[in-house]
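Visitor: My structure is below; once you've seen it, I'll send some questions.
The values are calculated or read from the model by the stated rules, or taken from the named source; none is laboratory data. This one's a predicted model, so the numbers in the text were calculated from it and none came from an experiment. Ideal geometry is used to build each Cβ from the backbone, glycine not excepted, and the neighbour counts take in all protein chains shown.
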Amino acid sequence: MSGLLLRLAGPLQSWGERSAFTPVRETAPFPTRSALIGMFAAAQGIARGDTAGLKKYEQVRLTVRVDRPGTLLEDYHTVGGGFPKERTAATSGGSHKDAAVITSRQYLTDAVFVVAVTAPDDLTTQLVAALRHPYWAPYLGRRSCPPDEPFLLRRRVDDPDNELLTGVPLSSPEPRDKSGETITVQFLRERPLPESCPRAAADVIEVNDMPVSFAPHARAHAGRRLYRTMEPVSRALAGPPKSLLTRLIDYAHAEESA
């Protein structure tokens, strides 16, 4: 097993979990497994209807470090207003709504997440190749939300989870409180930490984002558990905001020069 590291950052992100095709399109406060597996499948050119092609991603384990949770933004939308009835939004019965469809769409603004992706070595190699030269471009939950660079932080890491604690620069400023050698950061894990681990205390979250099928007319998801922890990371990973991009680029390029 090995893995890779992704940095999910951008002006807007939106990670839908419960609200498909409803007037309010909500966002989860963190990247969902469904969205991330969808990103990998799209990068590899796997069609939405290829349910069998999703099986290999069951081997993938994801850990999310929340560098910046972002701010919730709700965007007001109308669809199909100001047109004759025959040009307004269609209904499932084949007629037209004869009015604008009003929806609200939620986004996270200025959020930053770092994701440790752990998988068998051969699958890691495939994912890296696909994310560097994707069949369909990756986006942060919706096509209108492209990721910032650097996106693929590391292409091969022996222990991606540990790298989140010890290596990846924090995309948040160093706290004003200068005491102590560590900073407390939120993590979302798919497996509980061992009870012997001093960071073991966790909140258990039930989510419905395990992809079963992405078929357009037969989307299906299963539930899973997430373990939310607050864990200490080295203060050395944080720094002045002005130096963040330089630190990230240096970190990403260190792999190439190693």
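Visitor: For the range 11-30, check the following and say yes or no: at least one residue is exposed (fewer than 12 other Cβ atoms within 10 Å of the Cβ), of a type outside the set (Gly, Ala, Ser), modelled with pLDDT under 85 and farther than 19 Å from Leu140 by Cα.
Guide: So far as the range 11-30 goes, yes, one or more of its residues are exposed (fewer than 12 other Cβ atoms within 10 Å of the Cβ), of a type outside the set (Gly, Ala, Ser), modelled with pLDDT under 85 and farther than 19 Å from Leu140 by Cα.
Visitor: Of everything in the range 102-131 that's assigned to a strand (DSSP E or B) and of a type outside the set (Val, Ile, Thr), which residue is surrounded by the fewest Cβ atoms within 10 Å (Cβ to Cβ)?
Guide: Ser104
Visitor: Tally time: how many residues in the range 16-49 are closer than 20 Å to His133 by Cβ and part of a loop (DSSP other than H, G, I, E, B)?
Guide: Residues in the range 16-49 being closer than 20 Å to His133 by Cβ and part of a loop (DSSP other than H, G, I, E, B): 4 in total.
Visitor: Provide a single number: the residues in the range 50-81 that are over 30 Å from Thr124 (Cα atoms) and of a type outside the set (Asp, Glu).
Guide: The qualifying residues number 9.
Visitor: So, one more: So, of the residues in the range 193-218 that are among the polar types (S, T, N, Q) and surrounded by 11 or more Cβ atoms within 10 Å (Cβ to Cβ), which turns out to be farthest from Ala47 (Cα to Cα)?
Guide: Among residues in the range 193-218 that are among the polar types (S, T, N, Q) and surrounded by 11 or more Cβ atoms within 10 Å (Cβ to Cβ), the one farthest from Ala47 (Cα to Cα) is Asn208.
Visitor: Under the condition of being in contact (Cβ under 8 Å) with a residue 24 or more places away in the chain and within 19 Å of Leu54 (Cα to Cα), which residue from the range 219-231 is surrounded by the most Cβ atoms within 10 Å (Cβ to Cβ)?
Guide: Looking at the filtered set, the residue picked out is His221.
Visitor: Go through the range 181-199 and give me each residue that's at pLDDT below 85 and polar (S, T, N, Q).
Guide: Selection gives Ser196 alone.
Visitor: For the range 58-92, what are the residues that are hydroxyl-bearing (Ser, Thr, Tyr) and either at pLDDT below 95 or surrounded by fewer than 16 Cβ atoms within 10 Å (Cβ to Cβ) (or both)?
Guide: Thr71, Tyr76, Thr78, Thr88, Thr91, Ser92
Visitor: Moving on. Any idea which residue in the range 232-258 is surrounded by the most Cβ atoms within 10 Å (Cβ to Cβ), counting only those that are among the small types (Gly, Ala, Ser) and part of a strand (DSSP E or B)?
Guide: Selected residue: Gly239.
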